[in-house]
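Each remark here refers to the structure printed beneath this line.
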Amino acid sequence: MELSYNLINQDVFEGLKELESDSFDLCIVDPPYGASSKNNWDYGKKGKVSGFGGEWNLENEAWDLLSQDDSFLNTFAWLKELKRIIKLEGSIWIHATYHNSGFVNVCCQLLGLEIINEIAWYKRNSFPNLSGRRLTASHETILWVHKGGEKKRKYFFDYEASKAFYSSSDLLKEKDKQMRTVWDIPNNKSKDEMKFGSHPTQKPLRVSERILTLCGVKDGKLLIPFAGSGTEMVAGLNFGMNVTGFEIDNEYIDIAQKRLEDALQKKKTSLFQ
């Protein structure tokens, strides 16, 4: 089966609405902190969700304290759509920092998205703190979630691959041992990853490659809501998944397009070697 990608130059809040329910095997999300949509996004104002021991009424009055916080409301909005779009056997991996990890966690619980694991991505070569007024931020959080509920725990997880995984750059992971929730992955990117340009918050390919090792489905469908410069989409193609991504910035669309075409060409070339 020939792999394909669909890089869509569209606001993600509108684009997600157009995708079919239960249609993707995996989703990797690297959301911008404080991202907001200018569109009239329906995050369920007239509905109710369960969480924290009771029913939460999503009428405007009940959300008065949060009405000024676009980050929370938009996190709830795209997570609600991803829950609809992802297959029962699928899962969602969400990058977060201390700025927004609380939002993501609370929204997951309100939506009934069960958190499988919280991963700490340890960056040994993180940028130093120049102010001298706080600790150097040397990790990011990645939440692995699925649709939730004991009867729905059918998400795909390649346990054997997780044990067999080994990287010489990860000083914590032992080969043939269970993978732990602290991943030692340097934050540096290769020249090949940067040759067409870069994104300010671009992740190294190694992060999404590890996620795909655990939950990727060959010839399946991968969704990247915030494509940026295309790292997660490239990783998906390299793994063997068909990829759909959204990006609204034309500059990063151009970079991602070049990277994706380059990845496809390399894959085709390797078939004839």
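The values are calculated or read from the model by the stated rules, or taken from the named source; none is laboratory data. This is a predicted model, so every value here is computed, not measured. For neighbour counting, all protein chains shown are included, and Cβ atoms are generated from backbone atoms with ideal geometry for every residue, glycine included.
Observations on the structure shown:
Matching residues to (1) under 21 Å from residue 139 (Cβ atoms); (2) buried (at least 22 other Cβ atoms within 10 Å of the Cβ):
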{"residue": "218", "(1), (2)": "no, no"}
{"residue": "224", "(1), (2)": "no, yes"}
{"residue": "231", "(1), (2)": "yes, yes"}
{"residue": "239", "(1), (2)": "no, no"}
{"residue": "243", "(1), (2)": "no, yes"}
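- When residues in the range 128-152 are screened for being assigned to a loop (DSSP other than H, G, I, E, B), in contact (Cβ under 8 Å) with a residue 12 or more places away in the chain and either farther than 29 Å from residue 79 by Cα or touching a strand residue (DSSP E or B) at 6+ places or on another chain (Cβ under 9 Å) (or both), 4 of them pass.
- Residue in the range 171-191 that is among the basic types (Lys, Arg), surrounded by 22 or more Cβ atoms within 10 Å (Cβ to Cβ) and closer than 24 Å to residue 140 by Cβ present: no
- Verdict on residue 231 being in contact with a Lys or Arg (Cβ under 9 Å, 6 or more places away or on another chain) and among the β-branched types (Val, Ile, Thr): yes
- Residue 124 meets the conditions (1) in contact with a helix residue (DSSP H, G or I) (Cβ under 7 Å, 6 or more places away or on another chain); (2) charged (D, E, K, R); (3) outside any helix (DSSP H, G or I) in every case but one. The failed one is (1).
- Residue selected from the range 140-156 under the condition of a type in the set (D, E, K, R) and within 18 Å of the chain's Cα centre (by Cα), by the criterion modelled with the lowest pLDDT: 147
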